[in-house]
1. Can you tell me which of 17, 56, 40 is under 18 Å from residue 102 (Cα atoms), in a helix (DSSP H, G or I), open to solvent by 30 Å² or more (accessible area, probe 1.4 Å) and modelled with pLDDT of 95 or more?
2. Take residue 95 and decide whether it is under 30 Å from residue 44 (Cα atoms), open to solvent by 40 Å² or more (accessible area, probe 1.4 Å) and in contact with a helix residue (DSSP H, G or I) (Cβ under 6 Å, 6 or more places away or on another chain).
3. If we keep just the residues of segment 115-158 that are of a type in the set (Phe, Trp, Tyr) and more than 22 Å from residue 99 (Cβ to Cβ), which is surrounded by the most Cβ atoms within 10 Å (Cβ to Cβ)?
4. Failed condition for residue 105, given (1) more than 29 Å from residue 144 (Cβ to Cβ); (2) open to solvent by 80 Å² or more (accessible area, probe 1.4 Å); (3) of a type outside the set (A, V, I, L, M, F, W, C); (4) modelled with pLDDT under 95, with all others met?
5. Among the residues that make up segment 108-118, is at least one of them of a type outside the set (Gly, Ala, Ser), more than 21 Å from the chain's Cα centre (by Cα) and not in a helix (DSSP H, G or I)?
6. Find all pairs meeting these conditions: Cβ atoms under 7 angstrom apart; at least six residues apart or on different chains; first residue within segment 73-92 and of a type in the set (Lys, Arg); second residue surrounded by fewer than 16 Cβ atoms within 10 Å (Cβ to Cβ) and not in a helix (DSSP H, G or I).
7. Just checking, which of 1, 23 is under 16 Å from the mean Cα position of the chain (by Cα), touching a residue at least 60 places away in the same chain (Cβ under 8 Å) and more than 22 Å from residue 143 (Cβ to Cβ)?
Amino acid sequence: MPKTKNEGIFFTSLMCFLMVLGMSIYNLLLHQDFSMINLFMGVVLGFIVAFILDVFVVGIVAKKIAFSCSFVDKTKPMQLILTISSLMVLGMVTFMSLFGLVVEGGFGALSVAAYLNAWKMNFIVALPYQLLIVGPFSRFVLKKIQNRKMNESVNASA
């Protein structure tokens, strides 16, 4: 997990980018509207919105809930990671499904049925994508960076 503010920003940015990229590709393919320009536009705008939601809303709430759950053993990092990740997916899918519907069809295209369908279709892909691909990959990259920094500081002091 991130140990410094810079690591936290990097980790959050990487996770957000990969989730937005993957979910944008999925949704464009799902709606048979895939093109590089649509992907680029969706990723840029989606990343900005997702990053703001992650940092200022969903991340804060997910961490508060995870740390207050009595059934989560806080001494087991993987249990805490899985709980926070799952709560993050719930929150982000909830907001980003609404965002996607508004961007795609405007506020006039919003309906409870359309939203619930979008939420369901996004959740069934976002949860395994986060837990099996994006989360592990992002933690792997962060660990490599942390190990490199540690090796550089050890070499510098030797």
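1. 40
2. So residue 95 passes the test.
3. 137
4. (2)
5. Yes: one or more hits.
6. none
7. Matching residue, one of 1, 23: 23.
Residues are listed down the side, and each one gets a yes or a no for (1) within 22 Å of residue 14 (Cα to Cα); (2) open to solvent by 70 Å² or more (accessible area, probe 1.4 Å); (3) in a loop (DSSP other than H, G, I, E, B):
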residue	(1), (2), (3)
46	yes, no, no
52	yes, yes, no
87	yes, no, no
90	yes, yes, no
101	no, no, no
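The values are calculated or read from the model by the stated rules, or taken from the named source; none is laboratory data. Not measured: the values here are computed from a predicted model. Reconstructed Cβ throughout: ideal geometry from the backbone, glycine too, with neighbour counts over all protein chains shown. Remember, those area values only see protein heavy atoms, side chains included, never the ligands or the DNA or RNA. Shrake-Rupley method; radii C 1.70, N 1.55, O 1.52, S 1.80 Å.
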